[in-house]
Amino acid sequence: MNQPNPQHLIAGITQIASLPEIYMKIELAMNNPKSSSKYFSDILSEDIALAAKILRLANSSFFSFPGKISTVTQAITLIGTRQLRDIILASSIVGAFKDIPAELIDMKSFWRHNIACGVTCRIIAMLRRETNVEAAFVSGLLHDIGRLVLYKEKPDAMGELIEKCSKTEELLYRSERNHFGFDHALLGSLLLKEWKLPTRLIKTTACHHTPERAKEYIIETATVHVSDIISNALTSGSSGEKMIPPMSEKAWKILGLEDGNLSLIADELDKQYSVAVDFVLSESP
Amino acid sequence: MVLSSDVTDRGGRTILLKAGSELTEKHLKIFKTWGVVQVDVKGKDNSTPLNNIINAHPELEISARLAVKSTFKHTNLKHPFFKELSDLWVQNHIKQRAAEI
């Protein structure tokens with residue numbers, strides 16, 4: 001069969017899915033050293049719903065700041081502008097794909113898997129004492145975004161692959177490679193590149209099933225790889241994969257997690273998941 | 001809950017709380033600040049909700065143990081990580097099925 005060109009598939013999706021203006025404004029402000037917390041607050045005040053969501057998140061167990069945070073400026077000062085940008089991306093990414101027809105995929109289930117992966121990445125980053133744990137959250141949140149491109153551009157083929165995998169117990173990402181000549185990880189990285197998102201996100205998405213191939217952001221990629229496995233096993237959402245993917249021993253060792261960390265991650269995932277679902281999907285899990 | 005061993009900082013150099021101390025919410029906040037993610041506590045409670053479910057519906061555990069093998073067929077179940085992960089999967093599976101009864 002004629003295998004599709006991944007760049008053509010990306011061109012199709014970028015016509016319907018784009019990042020919101022507010023993210024672009026925050027990104028621009030990030031690159032201006034004169035931008036103050038007040039300036040970021042002014043940008044956010046253009047989107048009252050988003051500002052309210054950020055205030056709610058700042059007061060949630062996600063951050064566990066001591067005392068009540070009552071203004072957006074205060075929230076931005078405490079959260080930090082880099083983290084703020086990542087949080088806004090997390091909040092707006094769902095809206096970028098709102099036009100994908102519901103009959104193609106259960107979008108809530110899709111995002112729940114990705115949110116769970118993001119939360120797991122965040123917990124692993126916290127355990128490793130990383131500085132920007134929200135960046136880790138977004139890496140997990142976006143890791144399967146290439147599947148949305150496939151569901152939108154190749155719905156019949158994806159439907160057949162999912163059905164075949166549920167009968168044969170094959171891994172969906174391997175079936176994608178056999179059928180299309182590439183998988184959702186490559187497509188996702190191409191889409192994020194097209195959107196000019198940070199290189200870290202492009203690389204972690206590209207190699208989340210093949211972390212041993214990562215040349216940059218090796219720890220970040222290993223974090224997404226292991227978090228994908230954990231979230232597939234411990235939460236109910238799914239981006240199409242029914243089987244638990246195998247793990248790269250190299251990625252596991254790079255993370256340096258200790259015995260007992262998994263049950264701790266599971267407990268934290270249980271606590272943070274509902275907050276993250278509320279923030280990203282604006283609903284209870 | 002009472003500590004069964006001393007809690008130290010991540011480097012193991014500073015004792016934050018002695019064994020035998022009663023744990024409070026305030027202690028947990030301090031541990032979090034110091035990056036402590038796990039402590040040992042005395043005693044073990046066997047009357048967990050999960051054990052109660054398994055005692056009432058042993059068939060749920062049997063079906064979960066069978067299902068875990070196919071769901072994890074692409075993984076190395078002898079690896080300590082997957083051993084623990086598959087156990088957690090079984091526990092979740094049993095709880096979900098029990099909730100449907």
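The values are calculated or read from the model by the stated rules, or taken from the named source; none is laboratory data. Small disclaimer: the values here were computed from a predicted structure and weren't measured. With ideal geometry, Cβ positions are generated from the backbone for all residues, glycine too; neighbour counts draw on all protein chains shown. For accessibility, only protein heavy atoms count, side chains too; no ligands or nucleic acids. Shrake-Rupley method; radii C 1.70, N 1.55, O 1.52, S 1.80 Å.
Observations, loosely collected:
- Yes/no for B:K73 being open to solvent by 80 Å² or more (accessible area, probe 1.4 Å), within 30 Å of A:E169 (Cβ to Cβ) and not in a helix (DSSP H, G or I): yes
- For region A:244-268, filtering for residues that are surrounded by 18 or more Cβ atoms within 10 Å (Cβ to Cβ), more than 9 Å from every other protein chain (Cβ to nearest Cβ) and more than 17 Å from A:R129 (Cα to Cα) leaves 2.
- Scanning region A:129-186 for residues that are among the basic types (K, R) and over 19 Å from the mean Cα position of the chain (by Cα) yields A:R129, A:K154, A:K164, A:K167, A:R174, A:R177.
- Filtering A:L201, A:L197 for residues that are away from every other protein chain (no Cβ under 14 Å), outside any helix (DSSP H, G or I) and in contact (Cβ under 8 Å) with a residue 24 or more places away in the chain leaves a single hit, A:L197.
- Selected residue [out of contact with any Lys or Arg (no Cβ under 8 Å at 6 or more places or on another chain), of a type outside the set (S, T, Y), part of a helix (DSSP H, G or I) and within 19 Å of A:E268 (Cα to Cα)] from B:L85, B:L66: B:L85
- Matching entry among A:A233, A:A222 (being within 11 Å of another protein chain (Cβ to nearest Cβ), open to solvent by less than 50 Å² (accessible area, probe 1.4 Å), without any contact (Cβ under 8 Å) to a residue 60 or more places away in the chain and not acidic (D, E)): A:A233
- Within region A:143-154, considering residues that are in a helix (DSSP H, G or I) and open to solvent by 50 Å² or more (accessible area, probe 1.4 Å), the one farthest from A:I115 (Cα to Cα): A:E153
- Residue within region A:271-285 that is among the acidic types (D, E), at negative phi and more than 10 Å from every other protein chain (Cβ to nearest Cβ) present: yes
- Filtering region A:29-82 to residues that are within 24 Å of the chain's Cα centre (by Cα), over 18 Å from A:N132 (Cα atoms) and open to solvent by less than 20 Å² (accessible area, probe 1.4 Å) leaves A:A29, A:F40, A:I43, A:L44, A:L50, A:A51.
- Candidates in region A:53-102 are the residues that are among the β-branched types (V, I, T) and part of a loop (DSSP other than H, G, I, E, B); of these, the one that is nearest to the other protein chains (Cβ to nearest Cβ) is A:I69.
- From the options A:L186, A:L171, residue that is within 14 Å of chain B (Cβ to nearest Cβ) and either surrounded by fewer than 20 Cβ atoms within 10 Å (Cβ to Cβ) or on the phi < 0 side of the Ramachandran plot (or both): A:L171
- Only one entry in B:K69, B:K95, B:K18 is at pLDDT 85 or above and within 18 Å of A:M243 (Cβ to Cβ), namely B:K69.
- Within region B:29-40, residues that are open to solvent by 70 Å² or more (accessible area, probe 1.4 Å) reach partners that are polar (S, T, N, Q) and modelled with pLDDT of 75 or more with beta carbons closer than 6 Å, at six or more positions or on different chains, in the pairs B:D40/B:S4; B:D40/B:S5.
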